[in-house]
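These notes are about the structure you will find just below.
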Amino acid sequence: MPEHNRFLEGPFAPVEEEITAFDLPVTGSLPVELSGRYLRNGPNPLGLDDPSYHWFLGAGMVHGVRLRNGKAEWYRNRWVRSKAVAAQHHEKWPGGPVHENTDFAANTHIISHGGRTLATVEAGPLPYELDDELGTIGPYDFGGTLPGGFAAHTKLDHRTGELHAIAYFWAWDHVQHVVVDAAGKVIRTTDIPVTDGPMMHDFALTGSYVVLLDLPVTFSLNAVTQGKELPYVWNSEHQARVGLLPRDGSSGVRWIDIEPCWVFHCLNAYDDNGKAVVDLCQYNDSFDVSTLWAAHGPVTLDRWIIDPAAGKVTQQRLDDRGQEFPRVDDRIISRPHRYGYSAVIGEVNQAITATGDFTDEAFTNAILRHDLARGTVEAHEFGRNATAGEAVFAPAAPDSAEDDGYVMAFVHNPDRGAADLVVLAAQDFTADPVARVHLPARIPLGFHGSWIPDH
Ligand SMILES: [Fe+2]
C-alpha cells in the first residue's frame, strides 16, 4: 500500500463539511438567461485515513449553484445519504429499494429526468433521488420499473425524450440496455450476453444504434481476494470489441473486434450512411483501473467510424492533447455535432503519465472547445494549480443553435483557496469569463454534472 494517496491530497482532497451560502459574489456579469442549477457529483470519502482509498469509491457529494435573474442565489454541497452515510451523520436513512445489497452513495453523475434529480453510479447500485436543494429523497428504481441496477452515464435523446443506459453488474453474464421514457418509467430492457464481466463506464447513442464498448477491463475475483478496493483489472485475455445494438432492440448486437484500448467517455455519436461515427477520449494502451491510476500512453480525442457492413472500425485522431471529460451540447446527443468541450486537468495528466517526470504541459489546466467541422481547437487556459473540472454546455435559449450559449465548470481559484463557478461564452471562448461566481469553499476534483435549466 502506498504511504500517501494522491486521491486524498491536493485538488482531490475531500472536504469535511456541508455548506449553504447565499447571494454569492460574482466577478463579471451572469447572463440573465441562465436560470437554473449547475450540479456536479464526485467522490468525497467521510474518513481521510485509508491509504488504499480508490478515487472511484468515495461517497458521493453533490455541489450545486443556483442561478436566477443574473444572480447566484446559493451554493450547497451535500453528501448523498446512502444507508452508511446517513448512519455516519446520525440520521435516519430515508429507505427505499436496494439492488442486490449494493446500496451506495451514488458518486459519479447527476442528471434531471422526468422531473427528478438523480445522482447516478454504475456497477450495481440504484440512483439516489435528490430534492431541489440537494437533500436526499431516497434510492430510486424508476417507480419499480427497473429490474436491476442502473448506470452512471446515460444518454437522453431530446427528440424522443427517451433516456438510454447500459447497466452492468459483476454477478451478471450480460449487460443490460435500459430505455426510460420521458415520464421516468422503464419501457424496455435488453440483455446483451458478455464474458468476463466487463466494466462499461460509458457508451454512445446514434439515431439508429446503441454503441457498446466491450473493452479489456473486467471483474476479477482474484482482485477481490487480494483486497483491492476496486475489483476491475486490465485483462489481456479479453477481446476488445465494439457492438452496435439497434436502438429499438429489433435484432441482436453486431460485434466488431478492435485492438485493445480503454475508453471512459464518449463525446457523442451519430449515423452516417449506415455507419456509426463516435468521438471519444481513448487511452491508447493498457489501463489498470484497479490501481490508484495507471495508464500508459496519452489520452487523445479520437473518431471511430464503425462500419457494420464491412465489419470494420476506422480510427482517426482528432486532437492529441491529453484531455478527458468530453461533453457535447446535450440537446444534440445522437445527432451530428460540430462542437465539443473537454478538460485538460494537470493533476489527471500527471496521474496518467505516472513517470514522475513531467513537462510543463502536465501541469496545464484548461478547457478546450473543439470545432470539429473546421478541425480547430481553442483553449481557455486557467494556469498551474487552477484545477478545472468537467465543462458543461448551457444553451442561451432552449431553441438556440448548437454552441450558442455558455460553457461552465468549477475551477479552483488558487488566490482564494476556493472554487469559482466559471462561465465562458462559448462563441468568445478565449476571452475573459463572462462571470466567475466565487464559492465559499474548495470543491474537490470530481466527476460529472449537468446544467438543469428551470424550463
Ligand atoms: Fe464518467
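The values are calculated or read from the model by the stated rules, or taken from the named source; none is laboratory data. Bear in mind the structure is a predicted one, so any value in this text is a computation, not a measurement. Using ideal geometry, Cβ is built from the backbone for each residue, glycine included, and neighbour counts are taken over all protein chains shown. Areas reflect the complete protein model, heavy atoms only, side chains present, ligands, DNA and RNA absent. Shrake-Rupley method; radii C 1.70, N 1.55, O 1.52, S 1.80 Å.
A Förster radius of 41 Å combined with the Cβ-Cβ distance from Ser208 to Lys83 puts the calculated FRET efficiency at roughly 0.50.
Annotation: for a label point projected 7 angstrom from Cα along Cα→Cβ of Ser35, residues of region 43-79 with backbone N closer than 17 Å are 66-74.
Highest mean packing first, where packing is the average number of other Cβ atoms within 10 Å per residue, the peptides 429-436, 134-141, 196-203 line up as 196-203, 134-141, 429-436. Straight-distance candidates among the lysines for linking to Lys275, with alpha-carbon spacing under 23 Å and chain neighbours fewer than 8 residues away dropped: Lys155, Lys312.
Shape analysis of the chain yields a ratio of the Cα radius of gyration to the Kirkwood radius, Rg/Rh, of 0.93. The accessible surface of region 87-240, taken with every protein chain in place and a 1.4 Å probe, is 48 percent carbon and sulfur. Our estimate of slack between Asp272 and Arg6, defined as 0.36 nm per intervening residue step minus the Cα-Cα distance, is 91.5 nm. A simple spin-label model places the labels of Asp23 and Arg338 4.2 nm from each other, with each point 7 Å out along Cα-to-Cβ. Residues whose amide H comes within less than 5 Å of that of Asn268, counting only those at least five positions distant or on another chain, are Asp279 (H built at 1.01 Å from N in the peptide plane).
With protein chains left intact and a 1.4 Å probe, residues in the chain average 38 Å² of accessible area per residue. Taken along the Cα-to-beta-carbon direction at a fixed 7 Å, the label points for Gln239 and Lys71 span 6.2 nm.
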